[in-house]
Structures are given as structure tokens and as C-alpha cells.
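**Student:** Below: one structure in C-alpha cells.
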Amino acid sequence: MFLPSTAHICAALLALCTGCASAAAEIPVWQRPGLGGAVRPEMGAPQPGCLAPDFSLPADGGGALRLSALRGEWVVLHFTASWCPYCDSEIEHLGQIANGFAARHVRVVLLDVEEQQDVWSSYAKSHVAPSVLSGRDAAGRVAATFAPAHAQPAFDDRAQAVLDATLIIDPSGKIRLFLLPDTAHFDPTFGALRAELSHLTAGET
Amino acid sequence: MLRRAIASLALLTLSPGASFGCAGRQALPAHSRQGELLAPERVVTVAVAPLGHGVLVTLHIAHGYHIMSDRPSDPNFIATRVALESSDLKFESPTYPPAVPYTLAARTIATFRDRAEVFVRYAADSGVTSSSDSFAVVDVRLRYQACTESTCLFPVTRYFSTRIPLRPRAGPSGFGAKCPQAGACACLHSTSPQLVFRAGTPSAPALAVFVRAFQDDVAVIGLVNDRLNFTAK
């Protein structure tokens, strides 16, 4: 017999409160291998099942980078900074994901958080793969809208809570996976995220 | 001056001095066990103390965290910087300790962890003499960027002021007293100008700071086992 855990009850209550559809899973996402950083219901919105907050930021290649303009495609959204050693070790793998999943209509979007334009632009030219869409969140306002209210409560600057976070957003704009930095495990290759993305987009080719 | 040098080395070895901030380093904080991180400005506790002909700034880095060194392994990383300013004093460039290697995803980066001692000598024309006995207000600017073993925090720049005596007072640890039988201790040998480190040989960075702080007053003869031999100039 299935007995709902506290987490399941919280997820259901949150879904009722926020209007987000919450898929009850047998095993909480954060208990699955490599997904220990997954947001938990008690952290607050946004949660998987919710529409991802839309944004429009200056794109590194010119023009605007608007999330809602990518509806119809899967989006891997990642928050980064050039000074962050962990982010730096991940960035080449994000390029690999962009190339490897392009046929499944996956776009990788990289948002730089709270850096000066010249610093980020110089870094992006030499580190970000051409297949990755990138933009700069100069004041961290967009990043802050993605920060679950109760995640990392010590951070006054809420943008800090999602630095190095990664989301999978489906073609309808809903969050399907939301990984905050896992404080107990670091995998620069995004192995678990790739597996999840592969599963979610299996019917796209 | 010789006695003061000995007492100060004991202080350098044993005591953090006046502290600013509140990150503990002895025990893993409860919020760390739960996967919650410290705010960046709480990762490093700073102690500022006069030492010989300069100021020793000790950075106590919270357990489980590291900060980039003063010479990061990548030009994009944020170098740790200590800057002192005072209307009463002039300072030379800081001397930072050696970096501690940290392995991150198949590469090694240069960090500080646990404790980093930064020594800032008074400039030659600073006007500090051995007979000075007044205080000086020193403005401290500290910039660093911290990470844990799996994620990083935003860079932070902290400012604070502290009042330091221009003539360091004799430290209470060890000098003129009997060393305890166990534990860390530095004290004057009873019959010759030697420092005896009961906890073992002092670290090279600690000795480098000592020599730089007291190079005008003592001549270091050498380190033999756990004894630092020197004479007064």
C-alpha cells in the first residue's frame, strides 16, 4: 500500500497553492542517483510542474534572449559565472549537451549572473560553445526569480541561491527538472541530467 | 625586544587575536550538515594583531570551505586580497602564505583553507619605533571568493576598522612561564635564546612570518628539530 510521505503531502499542498501540476513519483527526485540537488517542495516555488519564469535579457550575440521565444523546444537552463571554478569546469560539457541533443530539439541556455559585461564577454568568447545560447543577467534579477524562497536562506542576494543551478524546461515552458547545486556531490559532466534529458526527450527524434 | 619577539611568536603560533565575524571552524555547523551554506561574508573570520614591525591578518576559513589564493590558478578566478590603510601608518605590500592545492574535476586550483596568515610590514618611513606606545586605527579591506567541495559563493568585499597598539604587548602564552607537558606551546628556553615548540616543528609559513616581522631585531641562526635558534641584533 502506498503511504504518502511528508514530502509527498507538501508537494501536493504546494501544487494546490501554486496551481502547478505535480506528478507524484514513487521515489522523490532528490533521492535518485546524481539528483541530490533537486529542489524539494518545502523550498517553495518555482517547482517542477510550474511554468518557468519568463525573462528577456541581452543575448551575447546581440538582440534579446527571451525564454518564451523558445517554446516548442526543450531548454536546459544553467546559471553561471566566469569566476566560479565549478561552473568553469562544467561549461565545456554544456556545449556537448547542446551538440549532442540538438536533434532532439534541445537548446542549452546559459545565463551569466552579476558580472561586468567586459569580463563575461571576454570569457564567453573563449569558453562558450557556439551552439549554446548565452546572455547576461547583470543585476541577478532573473536569477532571483528562479530562486526558491526557502532554498539557502542565508543568502540575502537571492540570485546566489541558483548560481550553478540547472533546469530542464519542456516545450510548453514548464519546469520538468530543477537542480540546485548539490552540496554533497559534484559532477561536471551532468551525467544524471543527461540521463534525465535523454529519457524526457526520447520521442523527439 | 627579544622577549617581545618570543612572546609574539607564541601569539602567532597559538592565538588568533581579536576576531571579526562569527564563522566557527572547530565544529561543522548544523546548517552545513543539512546542506545549507553560509553567507559568503560569514565564511571567513578575521583576526588582526600587531606582530613585530607589522600587522598579522589571520583568515580563519570555515570548515568545509576554501577561498581562492592570492595567485589563483586561472586568471578568471577571484584573488584573495588584504589591504590595510591608516592615516597613522604606511604599509608595504602584504606577504601571503603558500597556496594549498585543491583538486576539482581533474585539475588543481590554488586555494587557502583552514587558516591563512597574511603579514603586512610597516613601511620603512612609517614612523613606528620600538618606543612607540600609542594606538593606530587601521582600515582593513578584504576581498575573497569562497567555495565548498561542490559549489561556490559570490565574491565578497568586506571593510572594517580596528585599533592596534603600535607597541605590541607581551603575549601571555608561554613566555616566562613553564610550558605545559602537552599541547601546542612556544616558550623561551631557560638558559639560551631558543624557542621550543612542544607541539613539534613550526610550519614554514609561520617561520617566514616570524622572520619578516622581526628581521630588524633578531637574527635567526637556524631551526634544529623543534628549536628555533636566534640572537638579538
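**Student:** Please build a GNM for chain A, connecting alpha carbons under 10 Å apart, and tell me which residue among A:E114, A:E92, A:E26 fluctuates the most.
**Tutor:** Residue with maximal mean-square fluctuation among A:E114, A:E92, A:E26: A:E26.
**Student:** Give the separation of the Cα centroids, region A:154-169 to region A:19-94, in Å.
**Tutor:** A separation of 9 Å, based on Cα centres.
**Student:** Just checking the output field for B:152-159: average partner chain Cβ neighbours within 10 Å of each residue's Cβ?
**Tutor:** Working: counts 11, 6, 11, 5, 0, 0, 0, 0.
Per-residue shielding by partner chains comes out at 4.
**Student:** Same structure, new question: Counting only other chains, what is the mean number of Cβ atoms within 10 angstrom of the Cβ of each residue in peptide A:54-61? Write down the numbers at each step before the final one.
**Tutor:** Values: counts 0, 0, 0, 0, 0, 0, 0, 0.
Counting Cβ atoms of other protein chains within 10 Å of each residue's Cβ and averaging gives 0.
**Student:** With the crude spin-label approximation of a point 7 Å out along Cα→Cβ, what separation in nm comes out for A:A195 versus A:S126?
**Tutor:** Output for this residue pair reads 3.6 nm.
**Student:** Let me ask another. Quote the FRET efficiency, to the nearest 0.05, computed for A:R32 versus B:A208 with a Förster distance R0 of 51 Å and r equal to the Cβ-Cβ distance. Don't skip to the answer; put the middle values down first.
**Tutor:** Values: r = 49 Å, r/R0 = 0.97.
According to the calculation, E is roughly 0.55.
**Student:** So how exposed is A:D157, as accessible area in Å² (1.4 Å probe, rounded to 10)?
**Tutor:** Here the accessible area works out near 60 Å².
**Student:** So, one more: With a bin width of 5 angstrom, please list the P(r) values of region A:63-143 as percents of all Cα-Cα pairs, from the 0 bin to the one holding the largest distance.
**Tutor:** 3, 15, 28, 26, 18, 8, 2
**Student:** Length gain on complete extension for the stretch B:H63 to B:A105, per 0.36 nm per residue less the alpha carbon to alpha carbon distance?
**Tutor:** Details: separation 42, 0.36 × 42 = 15.12 nm, distance 2.06 nm.
Full-extension gain reported as 13.1 nm.
**Student:** Report the FRET efficiency, 1/(1 + (r/R0)^6), for B:F160 and A:H150, where r is their Cβ-Cβ distance and R0 is 45 Å, rounded to 0.05. It would help to have the intermediate numbers written out before the result.
**Tutor:** Working: r = 30 Å, r/R0 = 0.68.
So, using R0 = 45 Å, E works out to roughly 0.90.
**Student:** Using packing as a proxy for protection, rank A:127-133, A:106-112 so that the peptide with the highest average count of other Cβ atoms within 10 Å comes first. Mind showing how you got there, number by number?
**Tutor:** Details: A:127-133: 17.7, A:106-112: 23.4.
With the highest mean Cβ count within 10 Å placed first, the list reads A:106-112, A:127-133.
The values are calculated or read from the model by the stated rules, or taken from the named source; none is laboratory data. Given the structure is predicted, the values throughout are model-derived calculations rather than measurements. Methodologically, a virtual Cβ is constructed for each residue, glycine included, from the backbone with ideal geometry; neighbour enumeration extends over all protein chains shown. With ligands, DNA and RNA removed, areas are computed over all heavy atoms of the protein, side chains included. Shrake-Rupley method; radii C 1.70, N 1.55, O 1.52, S 1.80 Å.
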